[in-house]
1. Can you list the helices (runs of 4 or more DSSP H) lying wholly within the range 164-248 that have 1 or more residues being closer than 19 Å to L28 by Cα and among the charged types (D, E, K, R)?
2. Identify, from the list V305, V252, V299, V270, the residue that is within 16 Å of the ligand (Cβ to nearest atom) and at pLDDT 95 or above.
3. State whether one or more residues within the range 187-202 are closer than 30 Å to Y7 by Cα, over 15 Å from the mean Cα position of the chain (by Cα), at pLDDT below 95 and surrounded by 15 or more Cβ atoms within 10 Å (Cβ to Cβ).
4. If I go through the range 95-119 residue by residue, how many of them are part of a helix (DSSP H, G or I) and without any contact (Cβ under 8 Å) to a residue 12 or more places away in the chain?
5. Are any residues in the range 273-287 assigned to a loop (DSSP other than H, G, I, E, B) and more than 16 Å from the ligand (Cβ to nearest atom), and if so, which ones?
6. What is the residue count in the range 76-112 for residues that are touching a strand residue (DSSP E or B) at 6+ places or on another chain (Cβ under 6 Å) and of a type in the set (D, E)?
7. Suppose we filter the range 233-248 for residues that are within 12 Å of W319 (Cβ to Cβ) and surrounded by fewer than 17 Cβ atoms within 10 Å (Cβ to Cβ); how many remain?
8. Can you give me the number of residues within the range 215-232 that are more than 14 Å from V305 (Cβ to Cβ), of a type in the set (K, R) and crowded, with 17+ Cβ neighbours inside 10 Å?
Amino acid sequence: DWSMSAYRAEMQKKIREQVGNGRVICGLSGGVDSAVAAVLIHEAIGDQLTCVFVDHGLMRMNEAEEVVRLFRDHYNIPLVHVEAEELFLSELAKCGADPEAKRKTIGRLFIDVFDAEAAKLGGADFLAQGTLYPDVIESVSFSGGPSVTIKSHHNVGGLPERMKMKLVEPLRELFKDEVRVLGRELGLPEAFVGRHPFPGPGLAIRCPGEITKEKLDILRKADAIYLDEIRKAGLYDVIWQAFAVLLPVRTVGVMGDYRTYDHVCALRAVTSVDGMTADFYPYDMAFLGRTATRIINEVKGINRVVYDITSKPPGTIEWE
Ligand code: XMP
């Protein structure tokens, strides 16, 4: 793609101009955007870049290992893997059920961890993020409407004053489909480039209500089964984003001769071009039935599955 290869060269020139001889740390989230940003920046400034992957305990099944493997083994990009599950979960336990409190707590802890890692590296001048154009607009206004905050998204512009590092955001002008083209241009594996978006706050915003490790473990299992069924049905690439949500509601069920009283799991799948608007995905009923049966049979703690048929707007893609 000629325009992307020109963009790549142009951005790398800008990155070099911005950072000079400075040290950059890049937060990896496990998603496409931060991975593309990291590879782009690494090509521009080499070992002035260190990647930091904060495992907040809110990742999906096996996700942390996959990210670490991709960066260390495939790219040989220096990567610090911070195990911060206990820190995040203990602070989140203080937030109760408030979605904005969860997001803000997670944003604050990310900054604390990045600051601490930068200090260990002898100081860093810049923090790189994979912020996209829709992140920039959605955190300011919504669909061209009045300037209201729907969610304190993406940490955009929300960095506390006390953070001394300056931001490097080479993808700020791009939409998701363009980031994927750029990722291919940079030689990222197709399986990684085609990954569904995953939000920075991770499973915390897919677990309405209070967050506990137990609920996160239940959610991870249901989500893995759901994605497995999507892949088997050949639907992964047709869908923009799909995930399970664990609801803070218990309902009565029956398993064999026993009464159960367990959580409800909601399944979400949408098609979209840029995440700004989205339509729910019209699965056939056989797919939904099969998936629900597997989740209920294989995941202890879930006894009912529902499918979310809300489009965006009026719904958002995530539940929080
Ligand atoms: P919503 O739920 O606002 O999501 O329709 C639109 C897209 O953005 C992702 N998303 C986030 N990404 N931090 C992120 O990095 C966040 O706080 C956040 N909230 C939503 C969401 O997964 C979807 O792709």
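The values are calculated or read from the model by the stated rules, or taken from the named source; none is laboratory data. No experiment lies behind these values; they were computed from the predicted model shown. As a convention, Cβ positions derive from the backbone with ideal geometry for all residues, glycine included, and neighbour counts pool all protein chains shown.
1. On the way: elements: 176-185, 190-193, 213-232.
Per the criteria, 176-185, 190-193.
2. Details: V305 fails: within 16 Å of the ligand (Cβ to nearest atom); V252 fails: within 16 Å of the ligand (Cβ to nearest atom); V299 fails: within 16 Å of the ligand (Cβ to nearest atom).
None of the other options fit; the residue is V270.
3. Yes - at least one qualifying residue is present in the range 187-202.
4. So in the range 95-119, the residues part of a helix (DSSP H, G or I) come out as 99-119.
Retained after the next criterion (residues that are without any contact (Cβ under 8 Å) to a residue 12 or more places away in the chain): 101, 112, 116, 119.
Total meeting the criteria: 4.
5. In the first step, residues of the range 273-287 are kept if they are assigned to a loop (DSSP other than H, G, I, E, B); the result is 273-277, 281-284.
Hits for the range 273-287 are P282, Y283, D284.
6. Qualifying residue count for the region: 1.
7. Taking the range 233-248 and keeping what is within 12 Å of W319 (Cβ to Cβ), we get 243-248.
Filter again for surrounded by fewer than 17 Cβ atoms within 10 Å (Cβ to Cβ), leaving 248.
Total satisfying the criteria: 1.
8. 2
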